[in-house]
1. For 95, 70, which order do you get if you count the other beta carbons within 10 Å of each Cβ and list the fewest first?
2. Using the Cα gyration tensor of the range 44-93, with a ≥ b ≥ c the square roots of its eigenvalues, what is the shape: rounded (a/c below 1.5), prolate (a/b larger than b/c) or oblate (neither)?
3. I need 90, 138 ordered by Cβ neighbour count within 10 Å, fewest first.
4. Determine by what factor the alpha-carbon radius of gyration of the range 49-301 differs from 2.2 N^0.38 Å, reporting the quotient.
5. Please arrange 279, 257 by counting, for each residue, the other beta carbons lying within 10 Å of its beta carbon, fewest first.
6. At 7 Å along Cα-to-Cβ for each site, give me the label-to-label distance between residue 167 and residue 46 in nm.
7. Distance in nm between label sites at residue 176 and residue 208, each 7 Å beyond Cα in the beta-carbon direction?
8. Pull out a ≥ b ≥ c, the square roots of the eigenvalues of the alpha-carbon gyration tensor of the range 75-129, then state rounded if a/c is under 1.5, prolate if not and a/b is larger than b/c, and oblate in the remaining case.
């Protein structure tokens with residue numbers, strides 16, 4: 001309430017206009033401007049889903065020629081869980097990640113915080129050399145060793161979307177939408193079958209048309225490997241990327257809750273936390289060799 005000085009002459013003539021004047025003055029002091037209607041700039045319309053996804057795929061293909069110039073560091077922490085959710089065992093692995101023919105290559109550096117010994121190092125180098133040779137001969141989109149890879153692209157290809165909207169993440173505008181897997185989509189392997197039985201939310205960076213975040217849940221059990229392996233309903237994934245050096249979108253983190261069954265194993269429950277950082281760029285005139293690491297003098301840290 002605004003009180004007038006007690007020594008003001010009374011009665012006040014026509015108090016209505018005076019009150020309106022005082023109210024406008026106070027609002028002007030508080031908000032820094034006279035009370036007035038503020039014009040709103042209408043938001044541009046959201047792109048239709050097929051156009052948006054086509055742009056995401058096009059931009060991803062453009063990035064593939066750039067990502068092979070980069071390497072980064074990854075830490076995977078896996079907690080094996082008991083049926084009541086308590087932690088049974090914790091393991092950690094540290095990797096150097098690089099790309100060959102669009103395929104992501106994981107070179108093991110440490111296990112449970114310890115460097116590899118000479119024998120382990122040799123075995124890992126032999127494994128990487130063989131994997132890189134396969135990667136060079138395997139077309140993009142296929143796994144060199146037939147690994148089960150539930151990719152963002154597969155999920156997008158089998159998604160039915162709803163509730164498109166704009167949301168801000170880290171100061172950047174994203175186009176968010178919910179999705180469910182299309183039960184009528186054709187699945188050719190366990191990865192595509194899992195994508196068909198997944199629901200969740202995507203966030204697409206509006207400027208760069210790249211996946212910024214994905215939260216996905218498995219809505220039904222998925223069986224594969226001639227019945228030797230099954231991924232169970234309730235498994236879920238949160239995946240994040242960011243723009244590196246204003247040039248390339250690369251993963252920053254993932255959190256996975258896995259429920260699975262395998263032949264000879266009663267059941268598997270695990271929390272897996274993945275952290276990616278230390279993004280470095282290969283020197284422009286350096287040639288990447290199979291399993292090569294990036295020396296500090298030949299890299300540009302982000």
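1. 95, 70
2. In terms of gyration-tensor shape, oblate.
3. Exposure proxy ranking, most exposed first: 90, 138.
4. In units of the globular-protein estimate, the range 49-301 measures up at 1.05.
5. Listing 279, 257 from fewest to most nearby Cβ atoms yields 257, 279.
6. The answer from the label model is 1.1 nm.
7. 2.0
8. Cα axes put the range 75-129 in the oblate bin.
All of the numbers you see were taken from the coordinates with simple rules; none came from a lab. The model shown is predicted, which means the values in this text are computed figures rather than measured ones. Glycine gets a Cβ as well: all are built from the backbone with ideal geometry, and neighbour counts include every protein chain shown.
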